[in-house]
Amino acid sequence: MELFKPDFGLVFWMFVAFAILFLLLWKKGWPAIMDMIDKRADLIDKGVEYAQQAKDQLDKAQESAEQIIADARRSQADILREAAHMKDQIVEQARQEARDAAQKEIESARVAIAQERKEAEKNFRDQVSSFALDIASKVTRSQLLADAAQTKLVNNLLDEIEKTN
Amino acid sequence: MRSIEMKRFIQNILVGFIAVSMAIVPAVAQDAATGADSIGDSSVDSEVVDAGNGHESEAGDFNPKDIIFEHLGDGYGWEVPFNHHKRMPLPIIVWGSDGLHIFSSSRVAHGDVYRDGNVEFMIAEDGDYKGKLVEVNSDGTVSRPWDFSITKNVLAVFFTVILVLLCVLPLGSWYRSKGYVAARGFKGTLEALYEFIYVSLIKATLKEQARRFAPYLLTVFMFIFVSNLMGLVVIFPGGANLTGNIAVTLVLALITFFITNLFGTKHYWKEILWPDVPLWLKFPLPIMPVIEIFGMFTKPAALTVRLFANMMGGHIIVISLTLIIFIFAKMGIAAMSGATVVSMIFQIFMLLIDVLVSFIQAYVFTMLSTIFISLAQEHEHEHEEHKEVPVTK
């Protein structure tokens, strides 16, 4: 049958025309189109990857920002606590120092008072003994002549009085 | 809302179509009936059978087979749209017994004998070379010269080539000049098609070898797709049964065959000549190598025949449906009108399916070519992976 016999002329022209078509498209047509299809696919893949990375980084940045804020809060609390503690310490110290100073004052006052008192006692005794002597001399001038032994006696009596005090 | 409008629109078209065909067909039939005894003969003559190819059907002899094969075949000349009495003459280029002859096909139309120099040419009316240009020898016998004529199919090849170039080159130059800017409209549509073939077929099958073979495979796809679609357009410059012609599919299959084997790897040839089978299957009697070598040639044969047969089949169905009208015409006007309506509905249905088939056949040819080429691109390590599979199972 005619349909199943390839015609020589048609085979020849078909080959020539197809070869020309192929060469033209091979040189001028397909490479640019395939390049662009490949490149665009690449670009889209990279874009998706980039967006993913950016999102990851953003998440990470947010996380670290939160971390920093939390740290700052914690150190703020620490500092406040420290300050309160220090304040207490300073007040305490001041109080202690004041107390010490007062103690010292009291101490020296007490010493001074004791000394005063001793002196006063001594004065008093001297005066009392002189008064007693005066009195005794006045008494004994009239009654007694020898007075040395009598002064001694009176002093002894005064010592005894002091002791009992 | 929209679907109701659509429905009404389609209804209107159908009613209009049926009314028009009812009106036209009886008129044609009556016209024919007054002109000749047989309705079939004259209406067929005016509608389907061409008068310019040197043979006309005899009066009263309505032969659907001849009509079908004439429409499927090649011809020296192309029917003028809507007029089968006239044909556009095409150049005839032959290498006869005394050298090159170039003349118009109108010189040998209607069975005329044309004398060019010392040699006489005519289109054979019967015999081995029926419908082909032959050289008339001095003793009255005919012989076939080397025929390089620009026939209807050759011209259709040229049209297809030009259309494919128009489809591809503008997009290529767009991307060379515009970079990443995506093409829109027609170019964008075509790019989606190329991307579909290139990414999901060629790249998926050939992997890193894709860039090497893609230009050929994409060209084959576009050539077959465009010529399939052009074959569905019934008037000039369409209507040639190009991919339903065995010469065209043979050339394409042979190119695939040569690409497959010329670029085949060492491993591919080893698999053919010394396959990995028990020794007795290949040593004293080379059973497996013979089968493998046979397989090398069945692949292009399958490619040739399946595209040719599929496309030719589609054309035969549509023409047969048309001829049903003229077969029923002998049975009277009512039968003819009914047959016209039914035939038209089926023809439209078939043509729509043929649009789908045009794409599918182009895709299948490209897919098979890709697979044949990729089978010849296997390397040793890939084969070892294949070998491990049955072991693990």
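The values are calculated or read from the model by the stated rules, or taken from the named source; none is laboratory data. Everything numeric here is computed off the predicted structure, so don't read it as measured data. Don't worry about glycine lacking a Cβ; one is built from the backbone with ideal geometry, like all the others, and counts go over all protein chains shown.
Considering (1) touching a strand residue (DSSP E or B) at 6+ places or on another chain (Cβ under 8 Å); (2) over 25 Å from B:Gly244 (Cα atoms), the lone condition that A:Ile33 does not fulfil carries the number (1). Evaluation of B:Glu120 against the conditions (1) crowded, with 19+ Cβ neighbours inside 10 Å; (2) out of contact with any His (no Cβ under 8 Å at 6 or more places or on another chain) shows that the sole unmet condition is (1).
Residues of region A:96-137 that are under 27 Å from A:Asn155 (Cα atoms), within 60 Å of the chain's Cα centre (by Cα) and of a type in the set (Val, Ile, Thr): A:Ile113 alone. In region B:294-315 there is at least one residue that is within 30 Å of A:Asp7 (Cα to Cα) and of a type in the set (D, E, K, R). For region B:71-87, residues that are within 16 Å of B:Gly111 (Cα to Cα) and either part of a loop (DSSP other than H, G, I, E, B) or not basic (Lys, Arg) (or both) total 4.
Exactly one residue out of A:Leu80, A:Leu3 is surrounded by 10 or more Cβ atoms within 10 Å (Cβ to Cβ) and within 30 Å of B:Phe221 (Cα to Cα), and it is A:Leu3. Within the set B:Gly332, B:Gly313, B:Gly295, the sole residue that is surrounded by fewer than 14 Cβ atoms within 10 Å (Cβ to Cβ) and within 23 Å of B:Phe69 (Cα to Cα) turns out to be B:Gly313.
With respect to (1) outside any loop (DSSP other than H, G, I, E, B); (2) away from chain A (no Cβ under 13 Å), the lone exception for B:Asp139 is condition (1).
Condition check: in contact with a strand residue (DSSP E or B) (Cβ under 6 Å, 6 or more places away or on another chain), farther than 24 Å from B:Phe236 by Cα, crowded, with 19+ Cβ neighbours inside 10 Å and of a type outside the set (Phe, Trp, Tyr). Does B:Val108 satisfy that? For B:Val108, the condition - in contact with a strand residue (DSSP E or B) (Cβ under 6 Å, 6 or more places away or on another chain), farther than 24 Å from B:Phe236 by Cα, crowded, with 19+ Cβ neighbours inside 10 Å and of a type outside the set (Phe, Trp, Tyr) - is not met. Which of the residues belonging to region B:163-179 are without any contact (Cβ under 8 Å) to a residue 40 or more places away in the chain and within 7 Å of another protein chain (Cβ to nearest Cβ)? Scanning region B:163-179 gives B:Leu165, B:Leu169, B:Leu171, B:Gly172, B:Tyr175, B:Arg176.
Taking residues in region A:9-24 that are touching a residue at least 24 places away in the same chain (Cβ under 8 Å) and more than 7 Å from chain B (Cβ to nearest Cβ), and partners anywhere that are surrounded by fewer than 19 Cβ atoms within 10 Å (Cβ to Cβ) and part of a helix (DSSP H, G or I), not one pair has Cβ atoms closer than 8 Å while being at least 6 places apart or on different chains. How many of the residues in region B:112-136 are among the aliphatic types (A, V, I, L, M) and within 12 Å of another protein chain (Cβ to nearest Cβ)? Residues in region B:112-136 being among the aliphatic types (A, V, I, L, M) and within 12 Å of another protein chain (Cβ to nearest Cβ): 2 in total.
Taking the criterion of being more than 9 Å from chain A (Cβ to nearest Cβ) and acidic (Asp, Glu), no residue of region B:180-198 qualifies.
Report whether or not B:Thr260 is closer than 30 Å to B:Ala156 by Cβ and in contact (Cβ under 8 Å) with a residue 60 or more places away in the chain. Considered against the rule, which asks whether it is closer than 30 Å to B:Ala156 by Cβ and in contact (Cβ under 8 Å) with a residue 60 or more places away in the chain, B:Thr260 comes out as yes. Among the listed residues B:Ala240, B:Ala253, which satisfies the condition of being modelled with pLDDT under 90 and within 14 Å of chain A (Cβ to nearest Cβ)? It is B:Ala240.
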